[in-house]
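Student: Structure incoming, see below.
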Amino acid sequence: DNLAGAVAPNRTYQDLLKNPADEQRFSYYTQSQLVELDLAGNQKPLGTPAIYRAISPSPDGTYLMAWIVKKPFSYLVPFSRFTTSYEVWDRSGKRVHTLHEQPVLDNLPTDFDAVEPGPRDFAWRADTPATLVYNQAPDGGDPRTKTEFRDEVFALEAPFTGTPTKLLQLGYRARGIQWGSDNLAIVYEYWNRTRQLRAWRFAPGNPSQAPIKWQERSSQDRYNDPGSPVTTDGPYGEPVILTDAKGTGMFLTGAGAGPEGDRPFVDFYTFASGTAERLFQSQAPYYEQPVEILDAENRVILTSKESTTEPPNFWVVNLKKKVAPRQLTFFKDPVPELRGVSKEIVTYKRADGLELSGTLYLPAGYDKAKPTPLPTLLWAYPREFKDAGAAAQISGSPYRFTRISWGSPLFWALRGYAVMDDPAIPILGKGDAQPNDTYTEQLVAGAKAAIDYLVARGVTDPNRVAVGGHSYGAFMTANLLTHSNLFAGGIARSGAYNRTLTPFGFQAEDRTYWEATEIYQKMSPFTYANQMKTPMLLIHGEADNNSGTFPIQSERYYAALKGHGAPVRYVVLPFESHGYAAYENILHMLWEMDTFLETHVKNRPATGAATPASGSGK
C-alpha cells in the first residue's frame, strides 16, 4: 500500500513479487550456503544460509565482502533494489564490520543521473591488500538538488573501524576507477543529461594532492576518445594500470575512430608532458586490434587481424624491432557463403545537412558499374545525441570480416536484396531541447536520407524497400510505417509501441508521461493505429522480461492494428525472452521474415526508373 503518499516512481518491470506466497518461493529458491572448497575437495561452511547478491574477496584473500538481501522485500522493484546489507567477513565467515544497510530502493527519481542516497558502489582497491572504496552523493542522489559536487569517493582500510578517507570530490557522478599504485589511479565521472564525460589522474596515496584532468569530452564523441589504460596483473593478481618500468607513463588502447572508420591503436601516454606517442595503428586493408601487451619494455603486442575476406587470427607484433609479425592461429572461414557479398561504409546527408553513414551489403555478383535497382532491407536502431558533431561520426570499419548471427539482416544479401545495416538514425537535441522533442520528424528524415542515397546510386528500387529492427529498432519501425510512406513493409521484433505503458521513462527518455504527455503520445505508434496501412510483421518472445518490452506491447498493438484493418501478422516465439536462443525458434523467425519480405517487398511490382523516395505523412 501507499497510504502515506510516498513518491515512488519506477520504470516498468516484469516478473516482480506479487504476494506473500511469491515471497516464500523467492526466499526458498535464492537462499544458499557459502562454502570454502580446497583443492582436495574438502568443504568448510562460511557464514550462515542467506540470500547473497554477491561475494567479493579482498585482493589479499584475507576478507570477504558480502551483499546480503534481507526482508522486507518489495513488490515494486527487482531484487537488486531490495533491502541489502553490505558486510565484511574474515576468512572464517565471521562478520567483522557492517558497511551499510541499504533500505528498499523504490523511490529513486527517474532521472538517469539519480543514484541512491548514502554509501554505494562498494569495491576493493585493486592494488592494495584490503582497502574498500565507495561513493556517496552530497546531493542525496537527486540531480534536482543544487550542489557544487555530485559525488565523493571514500576509502576505508582494514580492519574497517576507522574514519573513511575522502579521496575525491567530483562535479558529475562517479563511473569507476582504474587503480595503479599509490601514485596513480584514473577516476571517471559522467553526467547523462549533457552526455559529458571527464577523467582525472590522481594519487590515492596522497588525497591532498589535486587530481589532474586527463580528458573531457562528450561520451558520444568517438573521434576524440584517447583510449583506455591497458591493465596487467597487479601484486595481488587484480588488474592494475600498466606503466613503463620507471612509471613515467601508461599504455592506452582504443578504437581509433575517425572519418575512415575504426583504426585501433596503441599509445604511450607520458604523464609529465600530457602527450601520447602512437606506437601502433591498424592499417588498411586490414582491421587489426591490440589484444594484449606481451612485453611492455620491448614493445611486443598480441593482435587480432582480419579483413573483409580473412577471418580474425592472432599475431605477435614487435613494435621495436623490424621483424615480420608472427601468425599464431590459422582459423578458417566459418561462413564461406558470405565471401561474395560486398561490403562498404557509405556516407550521405540528411535534409538538414547532418552527415550520416551506414554499412551497405550487396549480393554476390552484383555489378556496381552497371547498377540495377534491388529490393532493399534497412535494419536500424535509433540513437539519441546532444551534439551534432558526435551524431555525424562514422562507426565501424570497412575492413572487418563479415560475420553473421541469429538476428542479422545479412541473410537477405544472400537472397538478392541490398542490405543497409545500421544506417545512422540520430535523434538530436540541441541546447535545452531534448532529443525526443522532435523524434518522429528526425526519424523519418534519417530513413529518407538513406533511401534517397541508395536510390540515387541505382542500387535500390524505392517501391521495394523494407525497414526492420529489434527492441527500440522495432519501435522505430512501427513509427516509420506510421508516419511516412517510404516503405513497402516493416519487421518489428520484440518492441514497445505504447509509451503510456512505460510512464516513468524509456530508453534515453527520463521525463515521465506526466511531464511530457504530448511527446509520449506522439512517439507511440499505438496512438495512430487507425492510420497504419503498410504491411507489418510483429514478432515477440513469449517470456520477454526486458523492462518496457513485455509481450503485452505487441499483443495490444496487434489488436489495435487488426481492429482497424491494417495488414499485420503477429508471431509469438514460445519460451523466448528479449533475445532469441532456441534453434527451432530462430529458424521459424527467419522463415517468417523471409516469407514476409518475399511477399510484400521483393515481389511487389517494381517502379522501373529509380526516383527519390517521398517522406510525406500518410
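The values are calculated or read from the model by the stated rules, or taken from the named source; none is laboratory data. Quick caveat: nothing in here was measured; it's all calculated off a predicted structure. A quick note on method: Cβ atoms are made from the backbone with ideal geometry, for glycine too, and the neighbour counts reach across all protein chains shown. Quick note on the areas: whole protein, heavy atoms, side chains included, nothing else; ligands and nucleic acids left out. Shrake-Rupley method; radii C 1.70, N 1.55, O 1.52, S 1.80 Å.
Student: In Å and whole numbers, how far do the C-alpha atoms of region 358-502 stretch along each principal axis, longest first?
Tutor: Taking the Cα atoms of region 358-502, the three principal extents are 48, 31, 28 Å.
Student: Here's a follow-up. Excluding residues on the same chain fewer than 8 positions from residue 320, give the lysines whose Cα lies under 21 Å from its Cα.
Tutor: Counting by Cα, and skipping residues close in sequence, residue 320 has these lysines nearby: 246, 305.
Student: Once every Cα of region 260-371 carries one equal point scatterer and solvent is ignored, give the base-10 log of I(q)/I(0) from the Debye formula at q = 0.11 Å⁻¹, two decimals.
Tutor: Here log10 of I(q) over I(0) equals -0.55.
Student: In degrees, nearest 10, range 0 to 90: what is the angle between the Cα axis of helix 552-563 and the longest Cα principal axis of the chain?
Tutor: The angle comes out at about 20 degrees.
Student: Something else: Using the Kirkwood formula over every pair of different C-alpha atoms, what hydrodynamic radius in Å results for region 89-177?
Tutor: Values: mean 1/r = 0.0701 Å⁻¹.
When all Cα pairs of region 89-177 are included, the Kirkwood radius is 14.3 Å.
Student: Then there's this: With all protein chains present, calculate the accessible area of residue 419 using a 1.4 Å probe and round the result to the nearest 10 Å².
Tutor: Result for residue 419: roughly 0 Å² accessible.
Student: Give me the dipole magnitude in Debye, nearest 20, for region 217-270 about the Cα centre, with unit charges on the beta carbon: positive for Lys and Arg, negative for Asp and Glu.
Tutor: On the way: 4 positive and 8 negative charges, 23 e Å.
So the dipole magnitude of region 217-270 works out to roughly 120 debye.
Student: Further question on the same structure: Below 8 Å between Cα atoms, with a sequence gap of 6+, how large is the relative contact order for the chain in percent? Don't skip to the end; give the middle numbers.
Tutor: Numbers: 1415 pairs, mean separation 50.8, N = 618.
Result for the chain is 8 percent.
Student: State to the nearest 20 debye the size of the charge dipole of the chain about its Cα centre, where the only charges are +1 on K and R beta carbons and -1 on D and E beta carbons. Let's see the in-between values first.
Tutor: Working: 62 positive and 67 negative charges, 247 e Å.
Approximately 1180 debye in magnitude.
Student: Rolling a 1.4 angstrom probe over the protein heavy atoms, how many square angstrom per residue are accessible across region 287-343?
Tutor: On the way: 3410 Å² over 57 residues.
Dividing the accessible area of region 287-343 by its residue count gives 60 Å².
Student: For the cross-link pairs 370/448; 368/533; 562/602; 146/386, which exceed 29 Å when the distance is taken from alpha carbon to alpha carbon?
Tutor: Details: 370/448 24 Å; 368/533 34 Å; 562/602 24 Å; 146/386 22 Å.
Long pairs (Cα-Cα over 29 Å): 368/533.
Student: How do 267, 594 rank by accessible surface area computed with a 1.4 Å probe, from largest to smallest? Before the final figure, lay out the partial values.
Tutor: Working: 267 10, 594 35 Å².
If we order 267, 594 from most to least accessible, we get 594, 267.
Student: Looking at region 308-447, what % of its DSSP beta bridges pair antiparallel, to the nearest 5?
Tutor: Details: 13 of 20 bridges.
In region 308-447, approximately 65 percent of DSSP beta bridges are antiparallel ones.
Student: When the helices in the chain are scored as -39500 (n - 2.57) per DSSP H run of 4 or longer and the sum is shared across all residues, what 222 nm value do you end up with, to the nearest 500 deg cm²/dmol? Intermediate values should be presented prior to the final figure.
Tutor: Numbers: 7 runs with 80 residues, N = 618.
Rounded to the nearest 500, the figure is -4000 deg cm²/dmol.
Student: If the chain between residue 324 and residue 33 were fully stretched, how many nm would it gain, using 0.36 nm times the residue separation less the Cα-Cα distance?
Tutor: Between residue 324 and residue 33, full extension yields 99.3 nm more.
Student: Please give the residues of region 389-408, grouped as numeric ranges, whose backbone N is less than 17 Å from a label point set 7 Å along the Cα-to-Cβ vector of residue 433.
Tutor: Zone members listed by number: 389-392.
Student: On a 0 to 90 degree scale, rounded to 10, what angle separates helix 439-457 from the longest Cα axis of the chain?
Tutor: Helix 439-457 sits at roughly 60 degrees to that axis.
Student: Work out how much length residue 100 to residue 54 would gain on full extension: take 0.36 nm times their residue separation and subtract the Cα-Cα distance, in nm to one decimal.
Tutor: Values: separation 46, 0.36 × 46 = 16.56 nm, distance 1.47 nm.
Once the chain is fully extended between residue 100 and residue 54, it gains 15.1 nm.
Student: Keeping the other protein chains in place, figure out the carbon and sulfur percent of the accessible area of the chain, with a 1.4 Å probe.
Tutor: Working: 14710 of 28140 Å².
C and S fraction of accessible area: 52 percent.
Student: So, in nm, how far is label residue 298 from label residue 232 when the simple model puts each one 7 Å beyond its Cα toward the Cβ?
Tutor: So the two model labels end up 1.3 nm from each other.
Student: Cα to Cα, under 16 Å, and not fewer than 8 places away if on the same chain: which aspartates and glutamates meet these conditions relative to residue 332?
Tutor: 306, 310
Student: Give me the one-decimal nm value for the distance between modelled label points at residue 275 and residue 314, 7 Å along each residue's Cα-to-Cβ direction.
Tutor: 3.6 nm
Student: Placing +1 on the Cβ of each Lys and Arg and -1 on the Cβ of each Asp and Glu in region 162-218, which of 191, 170, 207 has its Cα farthest towards the positive end of the resulting dipole?
Tutor: Of 191, 170, 207, it is 191.
Student: Counting each pair of different Cα atoms once, what's the Kirkwood radius of region 1-129 in Å, rounded to one decimal? Mind showing how you got there, number by number?
Tutor: Working: mean 1/r = 0.0598 Å⁻¹.
One over the average 1/r among Cα pairs gives 16.7 Å for region 1-129.
Student: So if I place +1 on the C-beta of Lys and Arg and -1 on the C-beta of Asp and Glu, and nothing else carries charge, what would the dipole magnitude of region 67-226 be about its Cα centre? I want it in debye, nearest 20. Don't jump to the answer; show the numbers that get you there.
Tutor: Values: 21 positive and 20 negative charges, 39 e Å.
Here the size comes out at about 180 debye.
Student: While we're looking at this one, here's another question. Can you give the percent of C-alpha pairs in the chain whose distance is more than 40 Å?
Tutor: Taking all Cα-Cα pairs of the chain, the fraction more than 40 Å apart is 39 percent.
Student: Any idea what log10 I(q)/I(0) is at q = 0.16 Å⁻¹ for region 500-599, Debye with uniform C-alpha scatterers and no solvent?
Tutor: The computed values of log10 I(q)/I(0) come out as -0.81.
Student: Which lysines, if any, have their Cα less than 30 Å from the Cα of residue 94, not counting same-chain residues under 8 positions apart?
Tutor: Within the straight-line limit of under 30 Å, residue 94 reaches these lysines: 44, 70, 71, 166.
Student: Separate question: For residue 16, put the label point 7 Å out on the Cα→Cβ axis and report which residues of region 500-520 keep their amide N under 12 Å from it.
Tutor: Label zone hits: 503-504.
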